[in-house]
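Worksheet: the structure to be examined is printed underneath.
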Amino acid sequence: AQAAARVTSASALRRCVRRDDRLGVLVTVELYGLLVCPVSWSHHWIWCVPAMIWLAHGPCRRGPLSRVALALWALVTVTRLVPRLIGAEDRLAHPSPYPQVLAWPGSVYAVCAVLTFLALALEPARAEKRTGVPDPERSRSRPHPAVLS
């Protein structure tokens with residue numbers, strides 16, 4: 001799981017830096033920090049708000065990954081899933097520090113973060129093809145027309 005977060009966040013960060021997407025860089029760095037931090041409390045995940053803004057209004061807002069990630073973030077935040085799981089845990093009498101039945105649904109923030117990384121890393125190529133905006137990675141490999149004259 002850590003390897004997936006590391007690879008997807010690095011790809012997202014690289015893509016955002018190349019296209020000078022400052023909000024994308026901020027979202028990537030903050031969500032990655034939450035994933036690798038040993039203590040990320042539910043209120044630390046307020047960084048989902050800038051992530052949702054990017055997913056809804058960023059350069060790749062029409063891409064399928066952006067839409068799925070935005071829908072999942074919206075569902076998780078509107079239903080207050082993680083705070084409800086924390087409340088359920090507080091009401092349980094259990095010998096272990098965290099019951100397994102609540103552990104998997106509680107990882108939904110991490111799933112949303114990785115989906116956001118994928119949208120940040122992969123969606124731009126698709127969006128650029130649809131909009132006609134050149135991909136900076138491809139334009140760097142070709143010489144400028146003035147150089148060829």
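One table, with the values for the structure above:
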{"read-out": "Computed lengthening from residue 2 to residue 22, 0.36 nm per intervening residue step minus Cα-Cα distance", "value": "4.8 nm"}
{"read-out": "Prolate/oblate/rounded label for the stretch 10-56 (Cα gyration tensor, a/c 1.5)", "value": "oblate"}
{"read-out": "Residues of the stretch 1-51: accessible area per residue with a 1.4 Å probe, Å²", "value": "59"}
{"read-out": "Cβ crowding within 10 Å averaged over residues, with 59-72, 26-39 ranked highest first", "value": "59-72, 26-39"}
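The values are calculated or read from the model by the stated rules, or taken from the named source; none is laboratory data. Bear in mind that the values here come from a model prediction, so they are computed numbers and not experimental data. In this analysis, Cβ positions are derived from the backbone assuming ideal geometry, glycine residues included, and neighbour counts consider all displayed protein chains. Heavy atoms of the whole protein, side chains included, go into the accessibility calculation; ligands, DNA and RNA do not. Shrake-Rupley method; radii C 1.70, N 1.55, O 1.52, S 1.80 Å.
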